[in-house]
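I have placed the structure first, in the form of structure tokens, so that the comments after it can refer back to it.
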Amino acid sequence: MRLDPFTGAYLTDPSGVWARLLADGGGVHHDDELGLWLITRHADVRRALADARTFGNALTLAPVYDMCPEALALVAEIDAPPTTAAADPPVHPRTRRALRVTFANTTERVEQRYGRIVRRRVDELVARLAARAGERVDLVTGFTAELPLLVLLDILGVPARDVPRIRAWADGQIALIWGRPDPAEQVRLAGGLLEFWRYCQDLVRRRLDDHATNGRGGDDYVDELLAYRGGDDAVLTVAEVSSIVFNLLVAGHETTAGLLAHALDHALSDPDRWRALAERPDEVAAFLAETLRFAPAIDGWLRITNRPVTLGGVAIPAGARCLLLIGAANRDPSVFRHPDRFDPGRPDAHDHLSFGHGPHFCIGAALARLEAGVALTRLASALPGLRPAPRGDRVFRPNLAFRAHRGLPVVVDPAVRSESRPAA
């Protein structure tokens, strides 16, 4: 069965493709064009995410197209060791332990350590939007892509002046790995990715120099990682510290930006729904859980089989690249009642797989929920009349894994409006 994530109707609404893949056979299909096994059912995707012995990560960050030689030469200069998404045992348990110890990953720790940063950044961006009353604004460039990156830079101790180029580098990595750029664009994006890696190396190197000069570091996350390392390569190498920073600046930014954009899209598609968020902020958490289920920021993820495996009655050989279709799994009718209905009141929303499952469960899930919850609550309260600008269908960037809005145009109106439109 064919899946084309780069053109056509899939860019606007992939649910029809997901439904056909789920209904046909055992929900496991080989796509000859992509060279990938498509795994769609909730139980099978959940099993693949949890079973690291069978489903490895060695090619998770490898493109699914043949990269041109010039781009390959640039990528070959990036000597970042696998630490998070692309790591397998024994490396992954060790680097994951470093993340668990140093990065706040529970609701309580996130609120304690990062809550003030998140609220300050949200309030700055909301005030900036409120100052543009009556204007047409793109929420992607003016809010959803900005907030998580600013928060991460505060946590990592990176200057705010670097926001534009880090955002461009992160977007470029996603387009290079999970998109299908032409050769000239591959070279440009690969060059940017190399610059990004060197930027992260320089950041860590400067902190090491500060430690050597002053006898101690600062109090941001890079310093915490270096303190955890304690100069011992058996704990973390310097290159692994740089690699963790490298990955956080992409994963921690793009996934939360996607969650925010999807949440605002679905909230603003119905004025009554938007006003309800302003009037009943206690319902924001349930709204976000349903957003994660219905419209995940990452709707597909790559694995490779380390040994033969049978799923849904279908035999998959060893060495096969698999695309775990998280978006489809989140619409599996055997798990979710009326799966194609956006329903923030549903009791089964938390069974989604949008943050993964098992050993690679998203380390930043609690931070993403905090950012999105504060952002929705404060934006709805400050601008209850915010409304979508006239536009066509939703359009997303062509990508195998990340479902990112090209734009989210709105009109900034602080007043509550009485007219309503059908929910999306």
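The values are calculated or read from the model by the stated rules, or taken from the named source; none is laboratory data. Predicted model, so just to flag it, every value in this text is computed and none were measured. Please note: Cβ atoms are built from the backbone with ideal geometry, for glycine as well, and neighbour counts cover all protein chains shown. Keep in mind that these areas ignore ligands, DNA and RNA; they rest on the heavy atoms of the full protein, side chains included. Shrake-Rupley method; radii C 1.70, N 1.55, O 1.52, S 1.80 Å.
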**Study point:** Estimated 222 nm signal from helices in the chain, with DSSP H stretches of n ≥ 4 weighted -39500 (n - 2.57), rounded to 500
**Key:** -15500 deg cm²/dmol
Exercise for review: Work the Kirkwood hydrodynamic radius out for the range 128-168: mean of 1/r over every pair of different alpha-carbon atoms, inverted, in Å.
Suggested key: 11.2 Å
Exercise for review: Would you mind putting 403-413, 226-236 in packing order, based on average other-beta-carbon counts within 10 Å, highest first?
Suggested key: 403-413, 226-236
**Study point:** Sequence ranges 254-265, 373-384, 344-355, ranked by mean other-Cβ count within 10 angstrom, highest first
**Key:** 254-265, 373-384, 344-355
Practice item. Can you bin the range 140-275 into rounded, prolate or oblate? Criterion: square roots of the alpha carbon gyration tensor eigenvalues sorted a ≥ b ≥ c, rounded for a/c under 1.5, prolate for a/b above b/c, oblate for the rest. Key: oblate
Review point. What is the distance in Å between the Cα centres of the range 54-113 and the range 212-251?
Key: 15 Å
Practice item. Express the Stokes-Einstein translational diffusion coefficient of the range 262-306 in µm² s⁻¹, to the nearest whole number, given a Kirkwood radius over alpha-carbon pairs, 4 °C and a viscosity of 1.567 mPa s. Key: 108 µm²/s
Review point. For the range 195-298, what number results from the quotient of the Cα radius of gyration and 2.2 N^0.38 Å?
Key: 1.56
Check your understanding: In terms of the ratio Rg/(2.2 N^0.38 Å) built on C-alpha atoms, what value belongs to the range 325-381?
Key -> 1.31
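Checking a compactness column here: for the range 65-172, what do you get for Rg(Cα) / (2.2 N^0.38 Å), N being the number of residues?
Compared with the compact-globule rule of thumb, the range 65-172 sits at 1.41.
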Study note, to complete from the structure: The ratio Rg/Rh over the Cα atoms of the range 1-67, Rh being the Kirkwood inverse mean 1/r radius, stands at 0.98
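In whole percent, what relative contact order does the range 183-287 give with Cα contacts below 8 Å and a gap of six or more residues?
Over the range 183-287, the number comes to 21 percent.
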Review point. If you roll a 1.4 Å probe over the chain with all protein chains in place, what percent of the accessible area is carbon or sulfur?
Key: 52 percent
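In the chain, which whole DSSP H runs stretch at least 24 Å along their own axis (Cα) and average 0.5 or higher on the Kyte-Doolittle scale?
Once both thresholds are applied, what remains is 238-268, 365-382.
Can you give the Kirkwood hydrodynamic radius for the chain, in Å, rounded to one decimal and based on Cα pairs?
22.3 Å is the Kirkwood radius here.
Obtain the radius of gyration and the Kirkwood radius of the range 175-227 from its C-alpha atoms and give Rg over Rh.
Ratio of gyration radius to Kirkwood radius: 1.25.
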Exercise for review: Write down the accessible area per residue of the range 236-286 in Å², having rolled a 1.4 Å probe over the full set of protein chains.
Suggested key: 26 Å²
